[in-house]
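Structure first, then comments.
The values are calculated or read from the model by the stated rules, or taken from the named source; none is laboratory data. For clarity, every value in this text was computed on a predicted model and none was experimentally measured. Quick reminder, even Gly has a Cβ in these numbers, built from the backbone with ideal geometry, and neighbours come from all protein chains shown. Areas reflect the complete protein model, heavy atoms only, side chains present, ligands, DNA and RNA absent. Shrake-Rupley method; radii C 1.70, N 1.55, O 1.52, S 1.80 Å.
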Amino acid sequence: MEHIILLFFSFFTEAVILWQYVSSLFAPSHSSKIRLVLLSAFYAILFLISLLGQTWLNIISFFVINTVFLYMLFKLKLLLAFFHSAILTAIMGISELAVFGIMSRFFPHFLLEPGVGIVCYTVFSKIFFFAVIYLLIHLFKGKKANQEQYDHSEALLMLIPISSVFVMFTFLAIGETSSFVPPVDFMVTISAVFLLIVNLLVFGINQYNQKKSQEYTDMQLLLQKESDSVEYYEMMLSQNENHSILIHDIKKHLQSIKLLNEKNEPDKINAYIQQLMESSDLKETSKICDNEMLNAIFCRYQRQCNDKHIAFHTDIRSGTVKNIYQHDLTSLFCNLLDNAVESADNIPDSYIELSVQKKENSPFIVIIVINSCRSTPVYDQDGLPVSHKANKERHGFGIKSIKKVVKQYHGHLQMYYDDHSGTFHTIITLKQ
């Protein structure tokens, strides 16, 4: 029974170490829930195989199952999955052999101690395994980060497994010189187990905090971008207001021109007219919808589409967005149209169709965006497209911003690609 418990503990620890290794280095292709379920199932199979007591079968099955796990659940080529699985298998075997050799050389009597000896050997080998794996994570992440900012202070956390190895040496040295009598042997066993758990927890919490810190930073950048966009469109609204004032005052300008004409001063008349024509307040603005902020947004993207030779069609029903805050309008429609323009760019006869309508006899409005798209996008576990840009960690915030607004207004977001027409469809419902 003790042997089975130790085997279960060993495979549980190895599964946790593998989880930290792959989560730190590789982009997943499935959700965390699926990865966790399959990892548990795979290591349950390894546990059952280990009960047969065949060393070579254990090693081969460990290598094969880790390869399958990496290849199936992460965005890795088969050869790279083989490589990392081989690394994990080799380090796991070397750590057990190294600890066994150390204990046989320096603490031979303690190794033969029933109970506490085998537990300390198991814990010691897993701490050794974990220390080497964490060192590899640090090295691989440093290479992966390349020129990007990377927090090398994480290397200081190596002091924790190193200190744990020293503590284990201390336990073994004490056990070699004097026998542990009950209940001291039990306390030493529990202390060794706790030591390994503390190592795993510290690094797990550190990884979790890093992820949350990165999400917080990304969200702050996104909010800053949305704030800048709101200021930009407010400036455009101010310009439109100046435009209206100028048109209102056109009668006075005509009277001034008439006076100059009566004085027979054609040069001054030409200069006056030229000054009016060059005024930014006289630039033509389109009337696309009855919401001033949204109209300013659409005018900007209409000019972008004209420059890129993309047909831009809109159907915005009156009063549909009056209950949506301006910063949410900016965030939602700017990100929708940014993605649509990027997708439709450089495609012959490309177009973007945007409609906003109120659903009859309900408090919901329906936003539909249809745009030309060259190929089927890659989707994440939520059915939303994944950024195709090289550095995915620094992109994809547009979709997150859209999801945030949809969630805030208790709505629903659906995105899909139509192979027949070569178009990408976005359908959003928002509760007013």
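Brief remarks follow.
- FRET efficiency for the pair residue 273 and residue 360, taken as 1/(1 + (r/R0)^6) with r the Cβ-Cβ distance and R0 = 45 Å, rounds to 0.30.
- Stretch gain in nm, segment residue 311-residue 410, where the contour uses 0.36 nm per residue and the Cα spacing is subtracted: 32.5 nm
- DSSP-defined antiparallel bridges as percent of all bridges, the range 301-384, nearest 5: 55
- Per-residue packing, averaged as other Cβ atoms within 10 Å, sorts the ranges 259-270, 398-409 into the order 398-409, 259-270, beginning with the highest.
- Where the range 295-432 is the region considered: accessible area per residue in Å², 1.4 Å probe: 53
- Between residue 106 and residue 31, the modelled label-to-label distance comes to 4.8 nm, taking each label 7 Å out from Cα in the direction of the beta carbon.
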